[in-house]
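Right, one structure below, let's go through it.
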């Protein structure tokens, strides 16, 4: 019997991408899709690519009803909203994947500092599992509540984890230079200066220093480095940029070496770390990640080079910010949580060109 999955916040890019992936998932039946500002409209009117695949009409949000009628709920709302409804979904028996930031940080005191709100459901933070399977697969499987990674952190963590875990780079002085397509700002991004006319022929840095994803990256890298797992062990400088393309993230991370390391040795760490991973591709010698190669997919391409003269490891990762950075990752987590094949509904190549 197909599992019943609902998507809350289906009118946004992340939620709609989850609906698109679930529409052809062999083990899933879409139960409910919600959209507060667009309720009562066929989802195919909002996203014409769904015509002939999804005939659901968007509903107002009713956490009690949806929680009781769904095996699993994907929540794709702006940060600060999910914590208001996730407790009710869980208490009604649904398992939950939150695509926003409400349950990613384990320490509730970090939310006022990084997100400018006080967490209203802090008791669920200890239960939430950070949803990057390459780091936490065993804990994701039985979880009731999974916190999907942010798009930038997903790429940054996959780029840096093999180096940090092996202790071959320092825990301070790491610089993460990241570039994202404009869909990362959400469907309402045009109101914030991210419309076509503002983004075209332009590249801009933003939120430097102090982007909220910094805490998430430090928390997870600290855990991989053998630290306490709180944002306090590994320290990074995170510099995001907006580039004039629709989808994709490219991360180039610069990590000072802690000991002598060659490029072949570094590549060996990556090949060992990701040998069994279905969605991480360690690129062959001479190839470097590019966003086009992951467009529309759940794949992450990674590569590493060592600049011996500067005593620096350079790690590069490319993902689709709506794929491995959001909805694709959510479906991968869904598969793990429901005991389905991990790649179900996801094993398709990227769009190219």
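The values are calculated or read from the model by the stated rules, or taken from the named source; none is laboratory data. Everything quoted here is computed from the prediction, not taken from an experiment. Reconstructed Cβ throughout: ideal geometry from the backbone, glycine too, with neighbour counts over all protein chains shown.
Going through 272, 311 one at a time, which residue ends up being on the phi > 0 side of the Ramachandran plot and surrounded by fewer than 21 Cβ atoms within 10 Å (Cβ to Cβ)?
Just one listed residue meets the conditions, 311.
Answer with yes or no whether residue 181 is at pLDDT 95 or above, crowded, with 17+ Cβ neighbours inside 10 Å and farther than 22 Å from residue 107 by Cα.
Against the criterion (at pLDDT 95 or above, crowded, with 17+ Cβ neighbours inside 10 Å and farther than 22 Å from residue 107 by Cα), residue 181 qualifies.
Tell me the residue from 350, 330, 317 that is crowded, with 16+ Cβ neighbours inside 10 Å, touching a strand residue (DSSP E or B) at 6+ places or on another chain (Cβ under 6 Å) and either without any contact (Cβ under 8 Å) to a residue 60 or more places away in the chain or assigned to a strand (DSSP E or B) (or both), please.
Just one listed residue meets the conditions, 317.
Tally up the residues in the range 31-66 that are within 23 Å of the chain's Cα centre (by Cα) and either within 25 Å of residue 92 (Cα to Cα) or assigned to a loop (DSSP other than H, G, I, E, B) (or both), please.
5
Out of curiosity, is residue 28 under 25 Å from the mean Cα position of the chain (by Cα), under 18 Å from residue 85 (Cα atoms) and either surrounded by 23 or more Cβ atoms within 10 Å (Cβ to Cβ) or at pLDDT 95 or above (or both)?
No, not satisfied.
Of the residues 108, 87, which is in a helix (DSSP H, G or I), over 30 Å from residue 270 (Cα atoms) and at pLDDT 95 or above?
87
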